[in-house]
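Have a look at the structure below before the remarks.
The values are calculated or read from the model by the stated rules, or taken from the named source; none is laboratory data. Note that the structure is predicted; figures quoted are calculated from it, not measured. Cβ: placed from backbone, ideal geometry, glycine included. Neighbour counts: every protein chain shown. Accessible surface is based on the protein model in full, side chains and every heavy atom, while ligands, DNA and RNA are left aside. Shrake-Rupley method; radii C 1.70, N 1.55, O 1.52, S 1.80 Å.
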Amino acid sequence: MDIVCSDLEGVFVPEIWINVAERTGIAELRLTTRDIADYDVLMAQRLDLLERHGLGLPDIQAVIRTMDPLPGALEFLDWLRPTAPLLMVSDTFAEFAGPLMRKLGHPTLLCNRLAVAPDGTIERHRMRQTNGKKRVAEAMRSLNYTVIGIGDSYNDIAMLHAADHGILYRPPKNVRTEHPGLPVASGFEELRHLLEAIFSGTGGPHR
């Protein structure tokens, strides 16, 4: 039985922090896991920037409420839903994700949490577990699922390699170049074709 474990941002919705950067004018917030592989380092940098600019959780949530799924995402999810179960596996935070999950039809999301002060200041991030994305893929395989991993960034690579089938979705050049063994989908139509090949048994695992 197949199960899809997919990243959220950059696949189904825009990158939250890039949108925050555009709204606030803080260019350094444009950096994502496409640029910095160590997520803890990236988040420490983000929270330091928010503190220096006097921004808190309500400011981030206000930006997120204006965001919509990427073009084609809803149609792709409508196709996938009756075909295979989907787990959204993301390094985002529950405090961010609510509005986006509603717009995507409430798929199951495994993510992290934030520690937030009463005044809305984000004090720190709390990861659900170390290497959480990889461990989700491993856990699903241990339950005898055939796992298909989808992601676009450095923080997805461990999950893609732990899956039976790993697919890079519209990755930046640096990620694609460093992982040439992973198939690449440039859009939802191509992603659908790759999944159809896997579901039918004609698409081989990368492992």
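Observations on the structure shown:
- Taken one residue at a time, the phi angles of the stretch 189-196 give Karplus couplings (6.51, -1.76, 1.60, θ = phi - 60°) of 5, 5, 4, 4, 5, 5, 5, 4 Hz. Gly and Pro are set to x.
- For the stretch 150-207, the equivalent ellipsoid derived from the alpha-carbon gyration tensor has semi-axes of 18, 13, 9 Å in decreasing order.
- Relative contact order, whole percent, for the chain stands at 23, derived from Cα pairs under 8 Å and 6 or more residues apart.
- Inter-label distance, nm, simple model (7 Å from Cα along the C-beta direction), Ser186/Trp79: 1.6 nm
- Surface composition of the chain: carbon and sulfur atoms hold 49% of the protein heavy-atom accessible area at a 1.4 Å probe.
- Surface exposure of the chain, expressed per residue as accessible area with a 1.4 Å probe, stands at 47 Å².
- Counted by Cβ distance under 12 Å from Asp68, the other residues give a net charge of +3, where Lys and Arg count +1 and Asp and Glu count -1.
- Seen from Leu100, the other residues with C-beta closer than 15 Å to its C-beta sum to a net charge of -3, counting Lys and Arg as +1 and Asp and Glu as -1.
- 13 Å cut-off, amide nitrogen to a point 7 angstrom out along Asn131 Cα→Cβ, residues in the stretch 138-154: 138-139
- Among beta bridges that DSSP assigns inside the chain, antiparallel share in %, nearest 5: 15 percent
- Protection proxy ranking of 132-139, 69-76 - average other beta-carbon atoms within 10 Å, highest first: 132-139, 69-76
- Site pair Asp38 and His193 shows an inter-label distance of 4.0 nm when each label is modelled 7 Å from Cα along Cα→Cβ.
- Amide H contacts of Thr92: Asn112, each under 5 Å away and 5 or more positions distant or on a separate chain (H built 1.01 Å from N in the peptide plane; Pro and chain starts excluded).
- For the pair His106 and Leu143, label points projected 7 Å from Cα toward Cβ lie 1.9 nm apart.
- Counting charges near Arg124 (Lys, Arg +1; Asp, Glu -1) among other residues having Cβ under 13 Å from its Cβ returns a value of -2.
- Rounded to whole numbers, the Karplus 3J(HN,Hα) couplings from phi for the stretch 44-60 are 4, 5, 4, 5, 5, 5, 4, 5, 5, 9, x, 9, x, 4, x, 5, 5 Hz, using 6.51 cos²θ - 1.76 cosθ + 1.60 with θ = phi - 60°, and x at Gly and Pro.
- Annotation: amide H of Thr146 within the under-5 Å range of Asp2, Ile3, sequence separation 5 or more or interchain, hydrogens built in the peptide plane.
- Largest-first ellipsoid semi-axes for the stretch 10-132, taking √(5λ) over the Cα gyration tensor eigenvalues, angstrom: 25, 16, 14
- Working ranking of peptides 54-67, 146-159, 81-94, 29-42 by packing, defined as the average number of other Cβ atoms within 10 Å per residue, highest first, is 146-159, 81-94, 29-42, 54-67.
- Per residue, the convex hull spanned by the Cα atoms of the chain measures out at 113 cubic angstrom.
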